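Novice: Provided herewith is a single structure, encoded as structure tokens, for subsequent inquiry.
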Amino acid sequence: MIVRFVLLVVALGLLVTPTAAQHPTLTPPPPAETPSGPAQPPELDCRGCHIGEHRGIVRMFRGTGGRGVPANPSTMAQARLECIACHVAPKEEPARESVIGQSFRPSERACVGCHDARYGPIFTRWRESMATMHGVVSARAAVARKAVDGAGARPGMAEARRLLDDADFNARYVALARGAHNVFYAGALLLRANEWVDRAATLAGAPRPPGDDALVRGGYCAALCHEPLGVKVKEIVTFRGRPLPHARHATELGATCTTCHSAEAHKKLAATATTCSTCHHNPQNERCEGCHRDQSAFYRGTLKTPLAPVAPNVMASAVTCTNCHDFSKPKPRAAIAGACTGCHEPTYLPLLAEWTKGASDVKAAADSVAAAEQVVAAAHRAGRRTPEADARLKEARQALALVRAGGVAHNPVTAFTLLARARDATNDAKTRAARP
């Protein structure tokens, strides 16, 4: 009965917690402190007025916020550096700091402190280059905007205006978010904006807006880092297994860094065969023979070989490469027939068909060489020495290689002579190799 009464009291909340006097093991709570001075106001929340002051700068540092370019965080963001790693120079004097607080400006000291003395001028170079690039893009965009506004109801003007709006956004973003916080992302944004400006002008039927935009079109890699750090441009590099005059492309032929290299990933090669064709197989480019030396030597009869006499093509003195190869059309080879009839009668077209079908003759010679190689190899496996057969097989290979490099249509007479020489040499090689 007593137990039931206690449970009822507990359920009703009528039991009282014992005091320290009633239970000597309890410690009484400390008395409330009485403030010794006037009450302090609560801490102010600055965000009430200063809303997101550095949001754009943070996005730039992290490589986001622009248009038309993949996200690309700064290398320093990837290294997890904070703002104070670069902002080390006090902005306010001590007398002002005690009243209004302190903020810090970026300083070259930070660059040198983490890297070396070569990096001292690099921050200034970044700021100056960004300002120059921004000025070029903005000026060209203004010219394109006038052309678009004056184009009236010309088709494509809605797209042109959208392109210019996006270009203006990128340029403004780089300026306000301080492109130096992420120079390569900012450079890519201005590069894309510059391309949009050109496209908008084209849609408006206007010429390309004036302005020296070599820096914007991809030269900023060298200006921002390579030049101040003393990085040397390689004279020759290998591309797709062939030597390429790298320095000449960069200094004489108008190529910029991002013509071949990625604007988003440092050192990444982005060039393809199409990249090369865009410049080299351009209707305005008549310097074909600078790269196509084998075809030129075959066409002009300057090829030196003891395997056959090489006379110039009968058209060599009057017809240039672009007279036949019209790269303004999707299939320049298919357009050659039209070039022929521009100078000759249609009765000449069967000759063109014979020349361009030389691939079958090349294949026949290649098959003959392959068959001779098998016979000679079998003789070697049998332990027989075949020096004469080896020499004739080498001769056939050389003749076939010359035709493949020069192209049958560039000099049909010489090509067919060399292919006949290759077939004769392989037949002789097989006969000599088969002898016991």
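Novice: Counting other C-beta atoms within 10 Å, which of Ser138, Ser103 has the fewest, and how do the rest follow?
Specialist: Ser103, Ser138
Novice: For Thr347 and Arg404, what is the calculated FRET efficiency with R₀ set at 30 Å and r taken between the beta-carbons, to the nearest 0.05?
Specialist: 0.50
Novice: Still on this structure: Can you run phi through the Karplus equation (6.51, -1.76, 1.60; θ = phi - 60°) for the stretch 102-117 and list ³J(HN,Hα) in whole Hz, with x for Gly and Pro?
Specialist: 9, 9, 10, 9, x, 9, 4, 4, 5, 4, 5, x, 9, 10, 8, 4
Novice: Below 8 Å between Cα atoms, with a sequence gap of 6+, how large is the relative contact order for the stretch 63-109 in percent?
Specialist: Across the stretch 63-109, relative contact order equals 30 percent.
Novice: Restricting to Cα pairs below 8 Å that are 6+ residues apart, what does the relative contact order work out to for the stretch 290-436? Please round to a whole percent.
Specialist: Reported as a whole number, the value is 30 percent.
Novice: If I stretch the segment between Ala214 and His226 completely, what's the gain in nm (0.36 nm per residue apart, minus their alpha carbon distance), one decimal?
Specialist: 2.8 nm
Novice: Under a 5 Å amide H to amide H cut-off, with H placed in plane at 1.01 Å, what residues pair with Ala89 once short-range neighbours are removed?
Specialist: Arg105, Ser107
Novice: Still on this structure, I have one more. For Val112 and Cys49, what is the calculated FRET efficiency with R₀ set at 45 Å and r taken between the beta-carbons, to the nearest 0.05?
Specialist: 0.75
Novice: Tell me, Ile57, Ile84 in order of fewest to most beta-carbon neighbours within 10 Å?
Specialist: Listed from fewest to most nearby Cβ atoms, that is Ile84, Ile57.
Novice: With only alpha-carbon atoms counted, please give the Rg and Dmax of the stretch 168-261, in Å.
Specialist: 15.4, 45
Novice: Which number comes out as Rg/Rh for the stretch 362-436 once both Rg and the Kirkwood Rh are worked out on C-alpha atoms?
Specialist: 1.04
Novice: Follow-up question, since we're still on this one. Could you check the spin-label model distance between Ala377 and Ser98? Points 7 Å from the Cα along Cα→Cβ, value in nm.
Specialist: Inter-label distance under the simple model: 9.2 nm.
Novice: Fully extended, how many nm does the chain gain between Thr305 and Arg67 (0.36 nm per residue separation, minus their Cα-Cα distance)?
Specialist: Working it through step by step, the gained length comes to 80.0 nm.
Novice: What pairs from Lys363/Lys430; Lys304/Lys363; Lys232/Lys304 go past 30 Å between their alpha carbons?
Specialist: Checking Cα-Cα distances, Lys232/Lys304 exceed 30 Å.
We did not get these values from a lab; they are worked out from the coordinates using the rules stated. All values derive from a computational prediction rather than experimental measurement. Note: ideal-geometry Cβ built from the backbone for every residue, glycine included; neighbour counts use all protein chains shown.
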